[in-house]
Amino acid sequence: MQRIMKLNLEPETIRTNVSFRLDNKVIEFIKELAKDNDASESKIMEHIIKDFMKRFVSINYWANDDILKEFEKYLESKGYSRLTSSGLPSTAVQYAGWIKRVATIEKMTIGEVILNLDKFVVDYGIGGIKETEGKQGHKSVINALRRIKEFIKSSNT
């Protein structure tokens, strides 16, 4: 049996209607949490969904190309060049392009790549299952993944 739970939430600046389809295991888990914390099921669920929505809002932001523009600005602030002296794209622009390429290779959105950065840094790094791809462009792929991971970490502090 499944139950649908609807809540109106206002995490930070958005207001949204959220529907979740819950299976019996999740329902039992919520009941136990409520019992263990001397709280109502709806309060526990509200807390879980608010936490999820904060992450979801973040995912939506990371899921579009704007984040790559912000990433380029971050790289520039760290001393990476945007253009070469001859006007061609340089490291900051190229790294953003490599992140798009990883998203294409992995058949994911940019947001999904960002959510899986820890895994990709290992996979594309030395000894990883995609080490060869990580070495493309004089190791630009793995370096781009490492730099965007630093960027995300700095954005969350």
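Quick note: the coordinates plus some simple rules give every number you see, no bench work behind them. What you see is a predicted model, and the numbers here were worked out from it, not measured in a lab.
A few comments on the model shown:
- Cross-link reach is defined here as a Cα-Cα straight distance under 18 Å, omitting same-chain residues fewer than 8 places apart; for Lys100 the aspartates and glutamates meeting it are Asp65, Asp66, Glu70, Glu72, Glu112, Asp118, Asp123, Glu131, Glu133, Glu150.
- Full-stretch length increase - Glu41, Asp118 - with 0.36 nm per residue and alpha-carbon distance subtracted: 24.4 nm
- Rounded to whole Å, sorted largest first: equivalent-ellipsoid semi-axes of segment 68-115, Cα gyration tensor: 22, 12, 6
- The lysines whose alpha-carbon is closer than 19 Å to the alpha-carbon of Lys78, local same-chain residues fewer than 8 away aside, are Lys69, Lys139, Lys149, Lys153.
- Subtracting the Cα-Cα distance of Lys69 and Lys31 from their residue separation scaled by 0.36 nm leaves 9.3 nm.
- Note on segment 61-157: Rg/Rh from Cα positions, Kirkwood definition for Rh, rounded to two decimals, is 0.95.
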